Every structure is written in structure tokens, then in C-alpha cells.
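The next block holds one structure in the form of C-alpha cells; read it before the comments.
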Amino acid sequence: MRYEAPETLKSAVTMLAKEKGLAFVLAGGTDLLVKMKGGFLEPDLVVDIKRIKGVFDITKSATGFKIGAAVPGVALGEHAALVKAWPGIVEGANLIGSKQVQGRCTMVGNLCNGSPAADGVPALIAANAKVVISGPKGKRTIPVEQVPVSPGRISLKKGEIIEAILLPKRPANSSDAYLRFIPRTEMDIAVVSAAVNLTLDGKGTIKDARVVLGAVAPTIIVVPAAAKALIGSKLDAAALAKLAAACSAACKPIDDKRGTIEFRTKVAGVLARRAAEIAYKRAGGK
Amino acid sequence: MSGVHVTTTINGDAVEFVCNADEPLLDVLRNRLGMTGAKEGCGTGDCGACSVTINGRLVCSCLVLGAEIQGAKVGTIEGMAKGDKLHPLQQNFISHAALQCGICTPGFLIAAKALLDKNPDPSEEEIRFGLAGNLCRCTGYDKIVRAVQATAKEMRGA
């Protein structure tokens, strides 16, 4: 294996594109190094992107937030403005692993690992977040939900690197929340998860909503019917019941030792309801 | 396998080494630099016995490549005591019997110090969450939590 730590995106892209063997990007390494250690991956080239300018930056501008590809989970939680605007995104990312893992793990890495149970991803999709991709043919920007294709597989082409995540500008009275079910209190993989992103009008009526479920299908899924159930309501019991039913109806989960199909289908609705209640309160709804 | 030449700072000292491209920092510390305080429990980031800090961030040294620490500031358990004077955490781990076999202890001390550096007055819950990435098969954790609580109190008083 060769290790390279280029100082520009351009040279990182060139190295990855030219490599004839197996090449991987290294940022936090909390997935890559475990797979290497276990013998599941034997890379010929690892390209460490952490010496590239801007990869550790969280920047706020008129168009929203930009989060660099190597920003570790712990730094998201330390960024007061980000936590205020997107508490659901930060709580999802901060659920990943221990403090030690938080010191390294990145949201882009969580996304590129391609797991349908990724805790860092549902709230990004609920936020309509985008990723900026640099590749041999230049830059392109795509929605986060277009990155995962199936368990462990993503849509990036050879030589492409996700350099940053873009979060849109936040309208007034907006917030989000993320919840997951795990059989213990900390550090486990989501059996089911739900992210809800809401915007209210001045009177507490939901104007806009986006509901996303994790670990209940081969990829993380957006549930438009669940969002529709919330829009126009003040999150009354009828809207919540419709939300839960829409979420359960959207599930196509696997049956495994961590959760049965029946359990996952039911809990998806429950978590979406609870996440909606948290997001609603955070957005100023009463 | 080509060697990677790395210059870095460990516990304030300039250090230079050559390692393999895929060699974890933990192996560099233990096998090349003779710093055997960090332990390998799992090697996959689950147990925390290999905890160190890199540029002030708590990490598992088994999940970092030696090559990555070029130009970084690394802190290990070997830098915790100042000469013969133990850090209050080390002293309290002894006086509270917060260790038995000792394999997890360096990692707990590094993680506990990282916690107290950020939060000098943690609740018991915050301590337990803060140390959740460190596994101990001997103590049942309670004595470790008491030792950290005692240290926090002592250091706030000082």
C-alpha cells in the first residue's frame, strides 16, 4: 500500500483517477482502517485528504453552511451556530461511536460508507443538503440522497472526492430532529431511525416538511407521504397518526437479529412521530 | 512496501520515524518508539485502550496511521506525569483502586483528562458517557467514575 497526502484537491483527484489498483480516500479513517485491519480491504493506495485547505472548516454564508469533508463529529457539536440552525443534523452525527471515534469520524465518511443505518445521513437528507464533488471532469453538486445506491455502494465515479457538504439557508421558524432505536443506551447501530425537518409559519402551522427514514430499506429513504401528512397541520394527533402510518407503509426492512420486519415497520412510525414533536418544539411550535 | 518518513511532536518532544504506509500509530508508538503505555485491546476502535490525543482531540491510535501524524502534536500517557509527580487523575486512580489488571488504565486516564480539560465539573452521567469509549473488564467502572469525580473536585479546588 502507498500513502499519499496531497495538498490540493486537484492532485488528490489525479492520484485517485490514475491509480490502477484499489484506491481509497482517508479522512477520519474510522471505517477504512477497521476494514483494512479486518482484512476486508487491501488498498493499493490511500489518499489522505486532511492536508487540503478548507477540509476542516465549517463556514456560514448567506447561502447556508458549508462543512468540509474532514470535519470530525466533535467539531460539529462545538459549532454553536450550526447546532442552533441544524440541531437534528448535529445530534445524528454526534451519535456515531465513542468520544474517540467522534474525534475523527466525518459526515462525508459516514455518507460514503453507504450504510442504510448511517446515523449522520438521514437528517442531512431531511435538510435537502447537497454534496460538492470534485472529480477528473471538474466539480458537480448533487443532493445527498443521490450518493448512496445500495448497502455499501455509492454513486461516485473513479477519481471523485466529496469535498464538502452544503446546508441550505434556514427560513425563520425552522428546525429538525433525529432519533434512532438501538437496544442499548449508546454506541450501537441504528435498528430504525427517523429524521424530520420542519418549517412553520408565524402561527405554528407547518408550511414545509421533510421526513426521512434509516435502516428500513436498502438505502435511506425520503417519505413524501409522511411530509404531506404534516403540512398544513399544527402537529395535532390526527396529523401525527397519518405521519406514523405513512412512515410504516414506506418501510421495506430486512429481518435480522437486531430487529424483525414487524418491529422495524412499527418503530419507524413511532420514531418519526417523536422526532416530529421535537422538531416542532424546536421550531417554536407549541 | 515503501517507508514513510514522519516528523512530529509527541508530548512536546520532536520525534522522527520511518513507518510502513499502512502501519497504525499504535504500532509506531509501541514497536518503533518504545512508548508502550498505549495498549492494543481490540485494534478496531472499540475498547479505547490505545487512546491518545492528536492536536488536542481524543482518538484511538489504532485507527490512525502513523503516516498521518506528520506535523501534528500527539499526547500519550507517557506525557501525563511531570517527572516523578503524578497527574491528579493518576494519583486518584491509585487511591480509589480504580484499576486491577491495568490494561485499560492508560486509555481511561487519557480519556478522563480530555473530558476534564473540556468540562471541569462533569455530572456522573457526563463522566459515564465521556468514558463510554473505554472498556474495562475488571473494575465494573464504579471506582473509575469515583476517581474521576474526586479528581474533578480536587482540580476545581486547586
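The figures follow:
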| item | result |
| --- | --- |
| Percentage relative contact order, the range B:87-158, counting C-alpha pairs under 8 Å, at least six apart | 49 |
| 30 Å Cα-Cα threshold exceeded, pairs from A:Lys228/A:Lys252; A:Lys137/A:Lys252; A:Lys99/A:Lys281; A:Lys35/B:Lys82 | A:Lys137/A:Lys252; A:Lys35/B:Lys82 |
| Magnitude of the charge dipole, the range A:1-112, Cβ model with Lys/Arg +1 and Asp/Glu -1, debye to 20 | 160 |
| Scattering profile of the range A:93-167 at q = 0.14, 0.17, 0.19, 0.24 Å⁻¹ [log10 I(q)/I(0), Debye over alpha-carbon scatterers] | -0.43, -0.62, -0.77, -1.14 |
| Enclosed volume per residue, in Å³, of the convex hull spanned by Cα atoms of the protein assembly as shown | 153 |
| Total charge dipole magnitude, the protein assembly as shown, about the Cα centre, Cβ charges on Lys, Arg, Asp, Glu only, Debye to nearest 20 | 1360 |
| Gyration tensor verdict on the range A:183-286 (Cα atoms; rounded if a/c is under 1.5, prolate if a/b is larger than b/c, oblate otherwise) | prolate |
| Angle in degrees between helix A:9-18 and the longest Cα principal axis of chain A, rounded to the nearest 10 | 70 |
| Within-15-Å neighbourhood charge of B:Asp46 [Cβ basis; K, R +1; D, E -1] | +3 |
| Over the range A:1-150, equivalent-ellipsoid semi-axes from the Cα gyration tensor in Å | 25, 18, 15 |
| Positive-end residue of B:Ser2, B:Pro88, A:Pro171, charge dipole of the protein assembly as shown with Cβ unit charges | A:Pro171 |
| Taking only Cα atoms of the range A:112-217, radius of gyration then Dmax in Å | 15.5, 49 |
| Which of A:Phe24, A:Ser98, A:Val74, positive extreme of dipole for the range A:1-111 (C-beta unit charges) | A:Val74 |
| Sequence of A:Met107, A:Met36 once ranked by neighbouring C-beta atoms within 10 Å, starting from the fewest | A:Met36, A:Met107 |
| Under-5 Å amide H pairs with A:Val131, H placed in peptide plane, nonlocal only | A:Ile142, A:Val144, A:Leu166 |
| Value of relative contact order over chain B, rounded to a whole percent, pairs C-alpha under 8 Å and six or more apart | 23 |
| Least to most buried among B:His87, B:His5 (fewest other Cβ within 10 Å first) | B:His5, B:His87 |
| Value of relative contact order over the range A:32-86, rounded to a whole percent, pairs C-alpha under 8 Å and six or more apart | 20 |
| Residues B:Ser2 and A:Ala225, FRET efficiency given R0 of 41 Å [Cβ-Cβ distance, rounded to 0.05] | 0.15 |
| Cα gyration tensor, the range A:1-48 - rounded (a/c under 1.5), prolate or oblate | oblate |
| Packing-based ranking, highest mean first, of B:116-125, A:108-117 given that Cβ atoms within 10 Å are counted | A:108-117, B:116-125 |
| Cut-off 18 Å, label 7 Å out along Cα→Cβ of A:Lys157, residues of the range A:1-37 by amide N | A:10-20, A:23 |
| Average partner coverage of B:49-62, which counts Cβ from other chains inside 10 Å | 4 |
| Average beta carbon contacts from partner chains per residue of A:90-98, 10 Å cutoff | 2 |
| Value of D in µm² per second that Stokes-Einstein yields for the range A:35-101, Kirkwood Rh from Cα pairs, at 20 °C (1.002 mPa s) | 154 |
| Efficiency of FRET from Cβ geometry, A:Lys60 and B:Thr36, R₀ 35 Å, rounded to 0.05 | 0.20 |
| Additional length obtainable on full extension of the chain from A:Val149 to A:Thr185, 0.36 nm per residue less Cα span | 10.0 nm |
| Chain A: angle of helix A:237-250 to the longest principal axis, Cα-based, in degrees nearest 10 | 40 |
| Translational diffusion of the range B:7-158, µm² s⁻¹ [Kirkwood Rh, Cα pairs; Stokes-Einstein; 10 °C; 1.306 mPa s] | 102 |
| Where N is the number of residues in the range B:51-113, Cα Rg divided by 2.2 N^0.38 Å | 1.20 |
| Least to most buried among B:Asp84, A:Asp208, B:Asp13 (fewest other Cβ within 10 Å first) | B:Asp84, B:Asp13, A:Asp208 |
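Computed from the coordinates by the stated procedures, all read-outs in this text should not be read as laboratory data. In this text the structure is predicted, and so the values were computed from the model without any measurement. Cβ coordinates were reconstructed from backbone atoms using ideal geometry, including for glycine residues, and neighbour counts include every protein chain displayed.
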